[in-house]
1. Take the residues of the range 105-118 that are surrounded by fewer than 21 Cβ atoms within 10 Å (Cβ to Cβ) and among the polar types (S, T, N, Q): which is nearest to D54 (Cα to Cα)?
2. Do any residues in the range 139-151 that are among the basic types (K, R) have Cβ atoms under 7 Å from those of residues that are modelled with pLDDT of 95 or more, where the two are at least six apart or on different chains, and which pairs are they?
3. Evaluate the following for A87: is it touching a Lys or Arg at 6+ places or on another chain (Cβ under 8 Å), assigned by TED's automatic domain parsing to the domain that holds N390, of a type in the set (A, V, I, L, M, F, W, C) and under 22 Å from F195 (Cα atoms)?
4. Whether any residue in the range 61-68 is in contact with a Pro (Cβ under 7 Å, 6 or more places away or on another chain), outside the structural domain of E430 (by TED's automatic domain parsing) and hydroxyl-bearing (S, T, Y) is what I want to check.
5. Of the residues that sit in the range 37-62 and are under 22 Å from A396 (Cβ atoms) and of a type in the set (A, V, I, L, M, F, W, C), which one is farthest from the chain's Cα centre (by Cα)?
6. Just to be sure I understand, how many residues within the range 401-445 are in a loop (DSSP other than H, G, I, E, B) and either of a type in the set (D, E, K, R) or out of contact with any Lys or Arg (no Cβ under 7 Å at 6 or more places or on another chain) (or both)?
7. Could you say whether any residue in the range 119-130 is in contact (Cβ under 8 Å) with a residue 40 or more places away in the chain, of a type outside the set (A, V, I, L, M, F, W, C) and over 24 Å from Y53 (Cα atoms)?
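The values are calculated or read from the model by the stated rules, or taken from the named source; none is laboratory data. Not measured: the values here are computed from a predicted model. Every residue, glycine among them, receives a Cβ derived from its backbone with ideal geometry; neighbour counts consider all protein chains shown.
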Amino acid sequence: MVKWLKDAVFYEIYPQSFYDANGDGIGDIKGMTEKLDYIKGLGCNALWINPVYDSPFRDAGYDIRDYYKIAPRYGTNEDMYRFFAEAHQRNIKVLMDLVPGHTSDEHEWFRQSCRTEPNEYSRRYVWTSNAFEGIEDHPYVSGNAPRNGVYMLNFFVSQPALNYGWGVRTQKWQSAADSPEALATREALKDIMRFWLNHGCDGFRCDMADSLVKNDDDRKHATAAVWMNIRKMLDQEYPEAALVSEWSNPRSAVNLAGFHMDFYLDHWHNGYNTLLRDYECNPTDNSFFKQDSCGNIENFLKDYLPKYEAVHDYGYISMFTCNHDTVRAAHTLSPDELKLAWAFIFTMPGVPFLYYGDEIGMKYLDLPSVEGGYQRTGSRTPMQWNHQKNYGFSSAEADMLYTVQDSAADAPTVESQAMDPSSLYISTKEIIALRHAYEDLQADASFQVINDYRHFLVYQRGSMICAVNPSKDEVTVINQIFRGRQKIYGINQAEVQEDTLRLGAGSFIVLK
């Protein structure tokens, strides 16, 4: 296991929207570099950077044109190497976003693959044997290349699928997962990883990590074998490099595929969804952290606990406040409710991730699509640093910004919340600092549920006790485990006396 993950708290930067240093309306690498001291001061000691590679940006950079080149709108390769160095001087690790399953249709590999003459890239992508043969149960494009065949898509029409083979083969043109062409694709991916690791990167977040081998079995054994081979390379050549998967199946991602961490994604009806965004799949919002709801912590625990028990000896489940694909929690939760949610996330096992702007409760905005964002665009708006022009994000004119910004009178900013001791920003800094201060609150300390009566939760991390009551009612819990303990952190009215714990409405407490 990578040792530095034990005390890691990640901050996700969507580079287009974080800080614009050159005044063109789009965030850039120099802007990220200028804000490293801010990230360090927040308490985050690791970063996940969304894609900064050269791209036509039909999917916000997840359509890569050149894995080895930084997109000019962000800067240069040298700017990125300097960013790694500056982050490391502050003891901050950096994960880049790796997109292994597809490229842009403008990538040189794909251009060569489209040629009628056979070449080393002819089977780098998934192609059928003729232009009138489709791909059952998978999206594809026909009539768009000189080559006699149709090619498979991994997601958008601009994203042809790379060829890692097929788990179940029903057609002659389908490569085996151990075919020379599938192995060549895997080795090309490893070379990309080596390039950035050699220049200072500390690992990768792996996009759509379960999508590599097509027609794989339910647990993705063939795809897992690809990643386990990559993990073996990392263990031998870069033992301190870390991998986090966009998989949301830790038994497969961690136990089978060898990822160090697996994201607990916002999937309908899973445990994470019931905490913050239950409204996405139910007619009424019964999110656990929404005070006036009928939220039930048991809905989270019945999904989370079996996953935790299966993987905690092998790797980590990573919970996040939000990400670039997810509606910001502030869409439905108040700052006081967010304080409790963040306190819970940053005292749970595994390696947590904080999405930029969630430390101040940035809102989700209903916006037109930008760069293939569609409904996700509303969670990708420029960071709100202060109440100066464009909230301090950029000196450009407003119509040049990556997206519009929150125009509400109560739009939160870092500057205003940093001066308010009762703000979400201060609360977020405090709970992250507490996690760093106590090993029992870090990634690998034990976890046990003490009491989970519907509307509140009492849980033990190592030798410490945490309790959260997001409901509007006061709760009293009597248990000998509280005796002799003292409160070291709290939000709102929460106290312990002998074997009695009193949790006021909307409260959180940590006992030592």
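1. So the residue we want is Q112.
2. Qualifying pairs under 7 Å: R147/C114; R147/R115; R147/T116; R147/W127.
3. Spelling it out, A87 is indeed touching a Lys or Arg at 6+ places or on another chain (Cβ under 8 Å), assigned by TED's automatic domain parsing to the domain that holds N390, of a type in the set (A, V, I, L, M, F, W, C) and under 22 Å from F195 (Cα atoms).
4. Checked against the condition, which is being in contact with a Pro (Cβ under 7 Å, 6 or more places away or on another chain), outside the structural domain of E430 (by TED's automatic domain parsing) and hydroxyl-bearing (S, T, Y), the range 61-68 yields no hits at all.
5. F57
6. Count: 19.
7. yes
Yes/no matrix, rows are residues, columns are (1) in contact with a Ser or Thr (Cβ under 8 Å, 6 or more places away or on another chain); (2) outside any loop (DSSP other than H, G, I, E, B); (3) at pLDDT 95 or above:
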{"residue": "K290", "(1), (2), (3)": "yes, no, yes"}
{"residue": "L301", "(1), (2), (3)": "no, yes, yes"}
{"residue": "L305", "(1), (2), (3)": "no, yes, yes"}
{"residue": "A330", "(1), (2), (3)": "no, yes, yes"}
{"residue": "A341", "(1), (2), (3)": "yes, yes, yes"}
{"residue": "D366", "(1), (2), (3)": "no, no, yes"}
{"residue": "P382", "(1), (2), (3)": "yes, no, yes"}
